[in-house]
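Bear in mind these aren't lab numbers, they're just calculated from the coordinates by the rules spelled out. Owing to the predicted nature of the structure, the values given are computational and were not obtained by experimental measurement. Counting neighbours? That spans all protein chains shown, and the Cβs are built from the backbone with ideal geometry, glycine included.
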Amino acid sequence: MPKQFSDDSSKKKGGFGDLMHSMNEFFHEKPMKGMLQSIDDFFTSSSNPFNSFPVDLKENDEYYLITAELPGVKKEQINLEVFPNFVTITITNMELYSEENEKRQVIRKKQSMNRSSRTIPFPFVVNEKDVKASYKDGLLQIKVEKQTGRKISIE
């Protein structure tokens, strides 16, 4: 005869609701809240090892505005790509270093390349003709116009 399992949670005080309440308190009170905030701060700071950069997305009735903070980045290092349902911002940083001796002979050469990117998804197909970008003082702004359909009158 197979063993039968019964759900005893209804017999316990509060059952699943108490468990969820306890879990919610655990993540929203110290020390866990402080740890989660530290993790968020790490990934949004400019010094994280994954070379991410902060991006903000705002929406109004006519367009979306993407703002990326890129201090110290030159315009030539920024690449924007528009795909059907998303926009990707890629930053490429190439560093060349060479050391010479007294006879101007290269004795050491080093080259490194860092690349970081962020992809912003959209709930509609993005038309590249409706995307405009500007870059000034380390602030990249990308404006993505919302598409409007043709209005049909109802008879």
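Worth pointing out:
- Tally, over the range 63-96, of residues that are part of a loop (DSSP other than H, G, I, E, B) and within 17 Å of Ser134 (Cβ to Cβ): 4
- Of all residues in the range 125-155 being basic (Lys, Arg) and surrounded by 12 or more Cβ atoms within 10 Å (Cβ to Cβ), the one that is nearest to Asn60 (Cα to Cα): Lys146
- Members of the range 115-155 found to be in contact (Cβ under 8 Å) with a residue 24 or more places away in the chain, in a loop (DSSP other than H, G, I, E, B) and more than 14 Å from Tyr64 (Cα to Cα), listed by number: Gly138
- When Glu102 is tested against the conditions (1) more than 16 Å from the chain's Cα centre (by Cα); (2) closer than 28 Å to Ala133 by Cα, the lone failure is (2).
- Residue match in the range 142-155 (condition: closer than 30 Å to Met94 by Cβ and touching a helix residue (DSSP H, G or I) at 6+ places or on another chain (Cβ under 9 Å)): yes
- Residue satisfying condition, being surrounded by 11 or more Cβ atoms within 10 Å (Cβ to Cβ), under 17 Å from Pro54 (Cβ atoms) and without any contact (Cβ under 8 Å) to a residue 40 or more places away in the chain, within set Thr92, Thr88: Thr88
- The residues listed here are Gln105, Gln77, Gln111; of these, the one that is in contact (Cβ under 8 Å) with a residue 12 or more places away in the chain, over 23 Å from Asp137 (Cβ atoms) and not hydroxyl-bearing (Ser, Thr, Tyr) is Gln111.
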